[in-house]
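*Asks:* My structure is below; once you've seen it, I'll send some questions.
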Amino acid sequence: MKLIEAKGLTVRFGGATVLEAVNFAVEPGEIVTVVGPNGSGKSTLLRALLGIVPSTGEVRRKPGLRIGYVPQRLHIDRGLPMPVGRFLSLPRRRGAAEVAAALARVGLPGAEARAMADLSGGQFQRVLLARALLMAPEILILDEPTQGLDQPGEAGFYRLIDEVRREMGCAVLMVSHDLHVVMAASDRVICLNGHVCCEGTPQVVSNAPEYRALFGLGTQGALALYRHAHDHDHEHDHGHGHDHAHPHHAEGGQDA
Ligand code: ADP
Ligand code: MG
């Protein structure tokens, strides 16, 4: 049985159609990566699949599906002291042993008393991953989880995702700009631009004319160019998740 399935998924914000007639499914254990330009509806697709933005068409989740969600942006009020341990116990109360195990698993043993606001970008992302792991997820949904991390931080974070996926046997649905990762680690790639432009194995997608039109003709070089053209506003974002360019989209800690 499919974990999540969408048919004819359409999302409109005001008069704007952000996603149109998207057909999409994730099978158990599968790694699916969503790529596409900024504003192409990647985050909206994930949020519609999670049921936290309204959509028309059909979205089906396996009954009782356990989802671990790492949102693209998570705004934490810096005026409020928020220890890591308490953050992991929100909104659902978690036992101390459970929290300790999750932190150890993401490489932050004993971090319970540290303040969320004092974490580095990479540590912050690891805490978000720990929170997702506390769901004992059948599917991990990660929205640009390495945005704002440096290259070693990014590589380490992807290794960690891969390890936990193997241990838990969960599926992974991820938005990523990192073509290396997309190529090396995805079973399937969805190229999105308001609709599904193309989809298939990484090889098929990277050779598809629709993909090449969006990302240019090269591979890594083209993606680097793309990042420079569109993502320079994130370069100084150290991953605390608040995107100053779009403060009205800040997501406030959904427990999906
Ligand atoms: P991506 O993740 O691919 O960069 P998003 O899914 O965040 O794109 O956004 C797609 C489009 O929908 C953008 O034009 C964005 O401004 C708009 N959008 C996203 N969320 C909302 C919202 N809650 N209200 C209005 N417009 C939104
Ligand atoms: Mg996004």
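The values are calculated or read from the model by the stated rules, or taken from the named source; none is laboratory data. Since the model is a prediction, treat every value here as computed from it, not as a measurement. Positions of Cβ are backbone-derived with ideal geometry, glycine not excepted, and every protein chain shown enters the neighbour counts. In case anyone asks, the SASA skips ligands and DNA or RNA and just uses the protein heavy atoms, side chains included. Shrake-Rupley method; radii C 1.70, N 1.55, O 1.52, S 1.80 Å.
*Asks:* Taking the range 38-56 as the search range and keeping residues that are within 7 Å of ligand 1 (Cβ to nearest atom) and more than 23 Å from residue 162 (Cα to Cα), which one is surrounded by the fewest Cβ atoms within 10 Å (Cβ to Cβ)?
*Replies:* Looking at residues that are within 7 Å of ligand 1 (Cβ to nearest atom) and more than 23 Å from residue 162 (Cα to Cα), I get 39.
*Asks:* As an exercise: evaluate residue 112 against (1) modelled with pLDDT under 95; (2) in a loop (DSSP other than H, G, I, E, B); (3) under 28 Å from residue 150 (Cβ atoms) and give the number of the one condition it does not meet.
*Replies:* (1)
*Asks:* Could you tell me whether any residue of the range 124-135 is surrounded by fewer than 14 Cβ atoms within 10 Å (Cβ to Cβ) and more than 16 Å from ligand 1 (Cβ to nearest atom)?
*Replies:* Of the residues in the range 124-135, the ones surrounded by fewer than 14 Cβ atoms within 10 Å (Cβ to Cβ) are none.
Checking the range 124-135: not a single residue is surrounded by fewer than 14 Cβ atoms within 10 Å (Cβ to Cβ) and more than 16 Å from ligand 1 (Cβ to nearest atom).
*Asks:* I would also like to ask the following. Here are some residues: 64, 8. Which one is assigned to a loop (DSSP other than H, G, I, E, B), modelled with pLDDT of 95 or more and not hydrophobic (A, V, I, L, M, F, W, C)?
*Replies:* Values: 8 fails: assigned to a loop (DSSP other than H, G, I, E, B).
So the residue among 64, 8 that is assigned to a loop (DSSP other than H, G, I, E, B), modelled with pLDDT of 95 or more and not hydrophobic (A, V, I, L, M, F, W, C) is 64.
*Asks:* Can I ask one more? Inside the range 74-83, can you point out the residues that are within 16 Å of ligand 1 (Cβ to nearest atom) and crowded, with 17+ Cβ neighbours inside 10 Å? Can you show your working first?
*Replies:* From the range 74-83, those within 16 Å of ligand 1 (Cβ to nearest atom) are 74-75; that's our starting set.
Selection gives 74 alone.
This table checks each residue for (1) within 16 Å of ligand 2 (Cβ to nearest atom); (2) surrounded by 15 or more Cβ atoms within 10 Å (Cβ to Cβ); (3) within 23 Å of residue 139 (Cβ to Cβ).
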| position | (1), (2), (3) |
| --- | --- |
| 33 | yes, yes, yes |
| 58 | no, no, yes |
| 72 | yes, yes, yes |
| 85 | no, yes, no |
| 119 | no, yes, no |
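*Asks:* Specify which of the listed residues (86, 61, 93) is more than 16 Å from ligand 1 (Cβ to nearest atom) and either within 24 Å of residue 5 (Cα to Cα) or touching a helix residue (DSSP H, G or I) at 6+ places or on another chain (Cβ under 7 Å) (or both). Before you say what the answer is, go through the steps one by one.
*Replies:* On the way: 86 fails: either within 24 Å of residue 5 (Cα to Cα) or touching a helix residue (DSSP H, G or I) at 6+ places or on another chain (Cβ under 7 Å) (or both); 93 fails: either within 24 Å of residue 5 (Cα to Cα) or touching a helix residue (DSSP H, G or I) at 6+ places or on another chain (Cβ under 7 Å) (or both).
So the residue among 86, 61, 93 that is more than 16 Å from ligand 1 (Cβ to nearest atom) and either within 24 Å of residue 5 (Cα to Cα) or touching a helix residue (DSSP H, G or I) at 6+ places or on another chain (Cβ under 7 Å) (or both) is 61.
*Asks:* Being in contact (Cβ under 8 Å) with a residue 60 or more places away in the chain, away from ligand 2 (no atom under 15 Å from the Cβ) and either within 25 Å of residue 206 (Cβ to Cβ) or open to solvent by 10 Å² or more (accessible area, probe 1.4 Å) (or both) is the filter here; which residues of the range 136-178 pass it?
*Replies:* Within the range 136-178, 136, 138, 139, 140, 149, 165, 169, 171, 172 qualify.
*Asks:* Still on this structure, please answer the following. For the range 1-30, which positions are open to solvent by 30 Å² or more (accessible area, probe 1.4 Å) and within 16 Å of ligand 2 (Cβ to nearest atom)?
*Replies:* Correct list: 13, 16, 18.
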